[in-house]
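The values are calculated or read from the model by the stated rules, or taken from the named source; none is laboratory data. The shown structure was predicted, so the numbers you read here are calculated from the model rather than taken from an experiment. Please note: Cβ atoms are built from the backbone with ideal geometry, for glycine as well, and neighbour counts cover all protein chains shown.
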Amino acid sequence: MLLKKLLFFFTLAIVVPTMIILLSPKEKEIKKNGSIINNTVTLEDKIVRVKRVSKDKIEEVPLEDYVLGVVSGEMPVSFSNEALKAQAVCARTYVIRKIENNKDKEYDVVDTIDNQVYQDVEQLQNKWKEKYEENIQKLKKIVKETEREYLTYDGKVIEVFFFSTSNGHTENSEEVFTKALPYLKSVDSSFDAEVSPVFKKEVEMSLSDFYTKLSLSYNKKLDAQVLERTEAGSVKKIKINGKEFKGTEVRKLLGIRSTYFEFEVVASNIKIKTTGYGHGVGMSQYGALALSNKGYTYDKILKYYYKGVEIEKLS
């Protein structure tokens, strides 16, 4: 009898744990923000902590949803698929670097041009109205086809910069942001002129406003001397009525589109003509559109504007 009891308990000790293992899921699943992911959490599963400036709150957004919201906010949905894919990879690269650098901070990014413009579903519905479903499906496909892809240089996530329209060339990073980066070098982008509606711009203001914005004394005579230009031809340093400015300072103070500018005094007013739109570093968005029209795929567009980079996938 004792032997039978020992055999019975021995059998239980072996069989029960085995049945528990067999009946348990082979791969542990975790419910996270409405989606099922496996128990290996990688960067692709990360939540982006987005500071919604107008709402004054922080929202947690799944990475790929965030990328979709940025593509919709930073590039016209009417652009070609290849240009939009290039933008998606840029958006993902940018936020991956921010997530890495802001681990100890309250949020990763803000939803404005201070980082990347991000728009949520409600904002897109209001913007697109009856076109919402068509447009959102287009962008979902774009994001899916570039899923997990980001840019690296020498094995490290790059600093991504992009802008609307070049003056015909992009800028070396050190001539705009002081930091020299080997993958952000000036390249020809003359084809922007073929597609960009904002390639050229002329604004006019009173001489009084002009001087006020630059904190200069009023003078009917304007003496503007360009002291130095960037490799792309933009104004790097300029002297206006005896005071020296950086081209980037003039652009900011006057609220003009680029640092490729020229002045013309007309009576008591001044005309300011600009070429290009934006800081000029990295990928020109209208340039990406023009290249896609020439048959470039998104990976070739990215490698054209970011020299020596590789496209990698999150594991």
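Brief remarks follow.
- Number of residues in the stretch 145-194 that are without any contact (Cβ under 8 Å) to a residue 40 or more places away in the chain, part of a helix (DSSP H, G or I) and either charged (D, E, K, R) or under 22 Å from Lys85 (Cβ atoms) (or both) equals 1.
- Filtered residues of the stretch 196-205 (kept if surrounded by 11 or more Cβ atoms within 10 Å (Cβ to Cβ), of a type outside the set (A, V, I, L, M, F, W, C) and touching a helix residue (DSSP H, G or I) at 6+ places or on another chain (Cβ under 9 Å)): Ser196, Lys200
- Considering residues of the stretch 257-273 that are among the β-branched types (Val, Ile, Thr) and surrounded by fewer than 18 Cβ atoms within 10 Å (Cβ to Cβ) only, the residue nearest to His169 (Cα to Cα): Val265
- Residue in the stretch 69-89 that is among the acidic types (Asp, Glu), part of a helix (DSSP H, G or I) and at pLDDT 95 or above present: yes
- Cβ pairs under 8 Å, 6+ apart, first in the stretch 116-143 and in the same structural domain as Glu159 (by TED's automatic domain parsing) and closer than 20 Å to Ser54 by Cα, second in a helix (DSSP H, G or I) and of a type in the set (Phe, Trp, Tyr): Gln116/Tyr94; Tyr118/Tyr66; Leu124/Tyr132; Gln125/Tyr132
- Qualifying residue in the stretch 122-129 (condition: crowded, with 17+ Cβ neighbours inside 10 Å, modelled with pLDDT of 95 or more and within 21 Å of Arg148 (Cα to Cα)): no
- Any hit, the stretch 99-109, residues being closer than 29 Å to Val198 by Cα and either assigned to a helix (DSSP H, G or I) or in the same structural domain as Gln285 (by TED's automatic domain parsing) (or both): yes
- Asp65 modelled with pLDDT of 95 or more, charged (D, E, K, R) and either under 22 Å from the mean Cα position of the chain (by Cα) or over 30 Å from Leu302 (Cα atoms) (or both): yes
- Annotation note: of Ser206, Ser268, Ser315, Ser215, the sole residue that is among the small types (Gly, Ala, Ser), at pLDDT below 95 and farther than 26 Å from Cys90 by Cα is Ser268.
- On inspection, Val203 fails the criterion of being closer than 20 Å to Ala86 by Cβ, touching a Leu at 6+ places or on another chain (Cβ under 9 Å) and among the β-branched types (Val, Ile, Thr).
- The condition of being under 16 Å from the mean Cα position of the chain (by Cα) and either modelled with pLDDT of 95 or more or among the basic types (Lys, Arg) (or both) holds for only one of Val117, Val187, that being Val117.
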